[in-house]
Amino acid sequence: MARRTQVGIIGCGPAGLFLAHLLARAGIDSLILEARSRDAVEGTIRAGVLEHGVAALMQELGLAARMLRQASRHAGITLQWRGQRLHLDLAALTGGKAVTVYAQHEVLKDLVAARLAAAPGSILFDTPARAVEGIEGAQPSIVFETPGGSVDRLDCDYVVAADGFHGIGRGAIPASIRQEYGKKYPFGWLGVLVEAPRSWPELIYASQGEGFSLLSTRSATVQRMYLQCDPADPVEAWDDARIWRELDSRLGVDNWELARGKIFQKSVIPLRSFVCAPLRHGRLFLAGDAAHIVPPTGAKGLNLAVADVLVLSRALARAVHRGEAQGLEAYSDTALARVWQAQRFSAFMTRMLHRDPGETPFDTRLREAQLEQIATSRAAATALAENYVGLPFPDEE
């Protein structure tokens, strides 16, 4: 027997969960269908840098108690090249704004627990969506598989595909009207988790030696570090000795030492940029990674997902409560305007900080000239800082 809700959401990632909370605040029912188990959702380790507006939204929604206890507020970042470090004072350049370093999987834990506490049964885990039907009419539905293997249907007024890059949602938009823009980068990131104390009070984005590296943090005792690598590299190609050698080379400066410890996790992450347009077809809407992917250099992935669903939740509220369709009709253009700005910034940071395999000495000096401009021009530093802490969310009508 088919189930019924107002908004059917495919995917229990940042986009789907934030949307469910925003809709609940607006008095709109939703149901999330998630193919993975709860343990898998909450156990997929991902770093997280929350924009100023996203951290504020979590507090506004009453979801920030654990974040406020455990996360780190960073009012600056460090850029490094040729053995020199530049502290970029985000707060001074943006009127007091900062970012919050809080891992994405910790955000998901908070949102899942709060949603299930408020509405038991509002997330169905181990329940993959198999098809989306009727999106061009007034009564769309999602065909899904239950944990027991039977097939069922969720009837709803609207469908939101927040099911990631490999989900089924995007494919439900006819290929004849769907445009996809993408770029694969010729490098990836080797990410490692290390049992070690902090070596530096803020994130370091370095372009030195054989390429990019990032010194981040997970907690007072666990650090997250990244190294530019070949995306085809097997993890086994990076033994601990090689990792420490490259970290020392790429992060090294005079009178400073990188804190060492046990490396207990390694993974290779390919880098890509991707945008799908439009983000709406009939009563189907795309959000988050189903609609766009950014390289992690600009720290925009989760933040873009939140921006999408903030716009979408407002539009759905006006449609449900006031019968106004203008916001839904404008959703794609409104969300994509911010998406492309985030793509531009992420591509800028990626090009500036990574060594392309075919890079010439001339190319290297051009990249370093960009870093030197940020060091000497307040306008250039401000532009980077404003984008890093997060551009304003689209205003509510």
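The values are calculated or read from the model by the stated rules, or taken from the named source; none is laboratory data. These numbers come from a predicted model, not from an experiment. Neighbour counts run over all protein chains shown; Cβ positions are idealised from the backbone, glycine included. These accessible areas exclude ligands, DNA and RNA; they are computed on the full protein's heavy atoms, side chains included. Shrake-Rupley method; radii C 1.70, N 1.55, O 1.52, S 1.80 Å.
Would you please list the contacts, defined by Cβ atoms under 8 Å and residues six or more apart or on different chains, that run from a residue in region 31-43 that is over 11 Å from L17 (Cα atoms) to a residue that is outside any strand (DSSP E or B) and basic (K, R)?
Close Cβ pairs (under 8 Å, with a partner that is outside any strand (DSSP E or B) and basic (K, R)) amount to E42/K109.
Having 2 or more residues that are closer than 24 Å to G13 by Cα is the bar; report the helices (runs of 4 or more DSSP H) wholly within region 308-394 that clear it.
Once the helices (runs of 4 or more DSSP H) in region 308-394 are filtered for at least 2 residues that are closer than 24 Å to G13 by Cα, what remains is 326-353, 378-389.
So which residues in region 312-326 are under 28 Å from the mean Cα position of the chain (by Cα) and either loosely packed, with under 14 Cβ neighbours inside 10 Å or farther than 18 Å from A161 by Cβ (or both), if there are any at all?
R314, A317, R318, Q326
Taking D39 and the conditions (1) open to solvent by 40 Å² or more (accessible area, probe 1.4 Å); (2) closer than 26 Å to V389 by Cβ; (3) of a type in the set (D, E), which numbered condition does it fall short on, given that it satisfies the others?
(2)
For residues that are open to solvent by less than 40 Å² (accessible area, probe 1.4 Å) and either more than 16 Å from K97 (Cα to Cα) or not hydroxyl-bearing (S, T, Y) (or both), tally how many sit in region 42-77.
Here the count works out to 19.
When region 22-36 is examined, which residues are found to be open to solvent by less than 30 Å² (accessible area, probe 1.4 Å) and more than 25 Å from D152 (Cβ to Cβ)?
Of everything in region 22-36, just one residue is open to solvent by less than 30 Å² (accessible area, probe 1.4 Å) and more than 25 Å from D152 (Cβ to Cβ), namely L22.
Q139 versus (1) open to solvent by less than 10 Å² (accessible area, probe 1.4 Å); (2) over 28 Å from G301 (Cα atoms): which is the lone unmet condition?
Q139 satisfies every listed condition except (1).
Do any strands (runs of 3 or more DSSP E) lying entirely in region 156-208 carry at least 3 residues that are closer than 30 Å to G134 by Cβ, in contact (Cβ under 8 Å) with a residue 60 or more places away in the chain and open to solvent by 30 Å² or more (accessible area, probe 1.4 Å), and which ones are they?
Passing ranges, in order: 179-195.
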